[in-house]
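The structure appears below as structure tokens.
The values are calculated or read from the model by the stated rules, or taken from the named source; none is laboratory data. All values derive from a computational prediction rather than experimental measurement. Every residue, glycine as well, gets a Cβ built from its backbone with ideal geometry; the counts of neighbours run over all protein chains shown.
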């Protein structure tokens, strides 16, 4: 299995267009401790030709330009993207669908029923795309987890897993969460039996997740915030990380502590907010991650399982 990190930042990217925090200022100043990042998305393949795009970020065109392996050039109009899998309906994971509208046939999109509802009502992305390439929607079930495969990637099996979350702010169901508003994915290479667990939006590690985390060879999960009050302390929000839907890294019940039972797996943080001090490669917080043997994803990172 080939895993390509197209983007590793949270919504807004890094640097964020209107932010002058310590981290964003460091990128603009050319400080080598900081590395610019686009908004979170990965691509997965078994053969290096056919790829599943996991989330379509607003930066998708720039990401595709950086990765020629996603353009096999077999005909005049072509793409290595065989299908798109959405883990939620958030703007930073779905806006890029608009950029794929020139596709010659309907765009195959796999997502849960609640996500489909939000993308046809509160933010009618799918309705807009019907005026262009159209959408070939495939419903997936995460509660209970129901495995599926993609026609052009038969060697990979995807198992969606429901995560505790809230629907997006534009959702007609805001405040009335559904178990399938946000999912994680266990991806297995059927040839090697190697597995990836991917969850860029992880607000809590619930008991039912243990069986999926325990069998993964690589765990790539939410790295949005370092502390629960990060945005409050900076005066950027009145909500904690957990209230926004993200498990912070620090603290006795934070991501670092919760990932410690799975030390045999390669553990990587993705979807990193521009305010998070781990974006400073020389920071104390980054050293703490290194001491815990936890990596920080970056754009262009390649993993083979």
The listed residue being under 18 Å from the mean Cα position of the chain (by Cα) and either at pLDDT 95 or above or assigned to a loop (DSSP other than H, G, I, E, B) (or both), out of 149, 165: 165
Tally of residues being over 25 Å from residue 3 (Cα atoms) and part of a helix (DSSP H, G or I) across region 209-236: 4
Yes/no for residue 116 being part of a loop (DSSP other than H, G, I, E, B), without any contact (Cβ under 8 Å) to a residue 24 or more places away in the chain, farther than 20 Å from residue 203 by Cβ and out of contact with any helix residue (DSSP H, G or I) (no Cβ under 6 Å at 6 or more places or on another chain): no
Filter result (in contact with a helix residue (DSSP H, G or I) (Cβ under 9 Å, 6 or more places away or on another chain) and closer than 15 Å to residue 206 by Cβ) within region 149-165: 161, 162, 163
Flag if residue 185 is closer than 23 Å to residue 142 by Cβ and either touching a residue at least 60 places away in the same chain (Cβ under 8 Å) or touching a helix residue (DSSP H, G or I) at 6+ places or on another chain (Cβ under 7 Å) (or both): yes
So residue 274, is it in contact with a helix residue (DSSP H, G or I) (Cβ under 7 Å, 6 or more places away or on another chain) and at negative phi: yes
Among the candidates 165, 171, 149, 105, residue that is free of Cβ contacts under 8 Å to residues at least 60 places away in the same chain and either closer than 30 Å to residue 215 by Cα or surrounded by 20 or more Cβ atoms within 10 Å (Cβ to Cβ) (or both): 149
Qualifying residue in region 260-271 (condition: farther than 20 Å from residue 15 by Cβ, in contact with a helix residue (DSSP H, G or I) (Cβ under 7 Å, 6 or more places away or on another chain) and either crowded, with 17+ Cβ neighbours inside 10 Å or modelled with pLDDT of 95 or more (or both)): yes
Extreme residue, modelled with the lowest pLDDT, among residues of region 237-252 that are surrounded by 14 or more Cβ atoms within 10 Å (Cβ to Cβ), out of contact with any helix residue (DSSP H, G or I) (no Cβ under 8 Å at 6 or more places or on another chain) and part of a loop (DSSP other than H, G, I, E, B): 245
Residue, nearest to the chain's Cα centre (by Cα), within region 189-203, restricted to residues that are modelled with pLDDT of 95 or more and surrounded by fewer than 23 Cβ atoms within 10 Å (Cβ to Cβ): 195
Members of region 104-127 found to be over 21 Å from the mean Cα position of the chain (by Cα) and closer than 23 Å to residue 80 by Cα, listed by number: 104, 105, 106
Residues of region 183-202 that turn out to be assigned to a loop (DSSP other than H, G, I, E, B) and in contact with a strand residue (DSSP E or B) (Cβ under 8 Å, 6 or more places away or on another chain), as a count: 6
Top-ranked residue in region 225-236 [being under 19 Å from residue 286 (Cα atoms) and free of Cβ contacts under 8 Å to residues at least 40 places away in the same chain; ranked as surrounded by the fewest Cβ atoms within 10 Å (Cβ to Cβ)]: 229
Failed condition for residue 208, given (1) modelled with pLDDT of 95 or more; (2) closer than 23 Å to residue 89 by Cβ; (3) surrounded by 15 or more Cβ atoms within 10 Å (Cβ to Cβ): (3)
Of all residues making up region 14-31, the number that are in contact (Cβ under 8 Å) with a residue 40 or more places away in the chain and surrounded by fewer than 24 Cβ atoms within 10 Å (Cβ to Cβ): 7
Matching option when the condition is under 12 Å from the mean Cα position of the chain (by Cα), farther than 22 Å from residue 245 by Cα and in contact (Cβ under 8 Å) with a residue 60 or more places away in the chain, among 53, 4: 4
